[in-house]
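The values are calculated or read from the model by the stated rules, or taken from the named source; none is laboratory data. Quick caveat, the model's predicted, so the values are computed rather than measured. Please note: Cβ atoms are built from the backbone with ideal geometry, for glycine as well, and neighbour counts cover all protein chains shown.
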Amino acid sequence: MVSTFPSSPKANCCRRVAGNAQKTAGILALQGDFEAHLKAIDRAGGHAIEVRTVADLEQCDGLIIPGGESTTMLKLLDQEGLTEALKRFAGHKPVYGSCAGAILLAREVTNPAQVSLGLMDITVERNAYGRQVDSRIAHIPMPEGGDLEAVFIRAPIIRRLGAGSTVLAAYNGDPVWVEQGRNMVTTFHPELTGDVRVHRRFLGKL
Ligand code: GLN
């Protein structure tokens, strides 16, 4: 079953973050905008390290896969021997993917089809809003109040949600922030705005 807009991520963020002060969020740093995620975790009150090797990954309580180019990231993951390590990691620790990261987490990828880590039972269509010029900033009204500023850059659209998905934000009727089990994706880039709601929610999972 797919539910929409559950309890506010804001409501319990502070207690959770404070209670997990020693936890380490890994940011996959092979390609893409990993530095912005590092800063966003800092703004959200967490501790983050860059992940380039299996040894780096082993120090983490959760992982963020940033935006960038999913095909390039897949190649680099293979080269670093991180693909299988990451799948094992995801067997018991939370992974959050933004944009290209969301594409890597999806079980099924279209436009064109490509392999992925398959950590969430969703289908995503790559570059679904059109070409680079169609990148945009949207203001999404949130149930707990206020707008969520969402930056879309050659973003995918989530075309199918598997069982147990929770839609935390939607734009033009499409889910853009989805949680499934311990994992989470956004098709936008929260790390590029001052809004730390997404990163706080991730820290709450560690
Ligand atoms: N279009 C990119 C891809 O398909 C994702 C873009 C992004 O991460 N901003 O991998």
Where the second residue is among the aliphatic types (A, V, I, L, M) and part of a strand (DSSP E or B) and the first is farther than 16 Å from V178 by Cα and away from the ligand (no atom under 16 Å from the Cβ) and lies in region 140-160, which pairs have Cβ atoms under 7 Å and are six or more apart or on separate chains? D147/I140
In region 73-89, the residues that are outside any helix (DSSP H, G or I) and in contact with a helix residue (DSSP H, G or I) (Cβ under 7 Å, 6 or more places away or on another chain): G81
Cross-chain or 6+ apart pairs with Cβ under 6 Å, region 25-51 first and under 16 Å from T193 (Cα atoms), then small (G, A, S) and more than 16 Å from the ligand (Cβ to nearest atom): L38/A48; I41/A25; I41/A48
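Filter region 111-129 down to the residues that are within 11 Å of the ligand (Cβ to nearest atom) and not charged (D, E, K, R), then identify the one that is surrounded by the most Cβ atoms within 10 Å (Cβ to Cβ). First the steps, then the outcome.
Of region 111-129, the ones within 11 Å of the ligand (Cβ to nearest atom) are 111-112, 114, 116, 124-129.
Narrowing further to those that are not charged (D, E, K, R): 111-112, 114, 116, 124, 127-129.
Details: N111: 13, P112: 9, Q114: 15, S116: 19, V124: 28, N127: 15, A128: 18, Y129: 19.
By that ranking, first place goes to V124.
I'm trying to understand the selection: among the residues of region 127-152, which are assigned to a loop (DSSP other than H, G, I, E, B) and closer than 18 Å to H199 by Cβ?
M142, E144, G146 - these are the residues of region 127-152 that are assigned to a loop (DSSP other than H, G, I, E, B) and closer than 18 Å to H199 by Cβ.
Taking A106 as the residue in question, decide whether it is within 16 Å of the ligand (Cβ to nearest atom), at pLDDT 95 or above and surrounded by 17 or more Cβ atoms within 10 Å (Cβ to Cβ). I'd like the intermediate steps shown before the answer.
On the way: within 16 Å of the ligand (Cβ to nearest atom): yes; at pLDDT 95 or above: yes; surrounded by 17 or more Cβ atoms within 10 Å (Cβ to Cβ): yes.
Answer is yes for this residue.
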Filtering region 39-55 for residues that are surrounded by 19 or more Cβ atoms within 10 Å (Cβ to Cβ), away from the ligand (no atom under 16 Å from the Cβ) and assigned to a helix (DSSP H, G or I) leaves a count of 1
Quick one: what pairs do we get from region 187-206, first residue closer than 18 Å to G146 by Cα, second assigned to a helix (DSSP H, G or I) and more than 16 Å from the ligand (Cβ to nearest atom), C-beta under 6 Å, 6+ apart or different chains? V196/R43; H199/I41; R200/C13
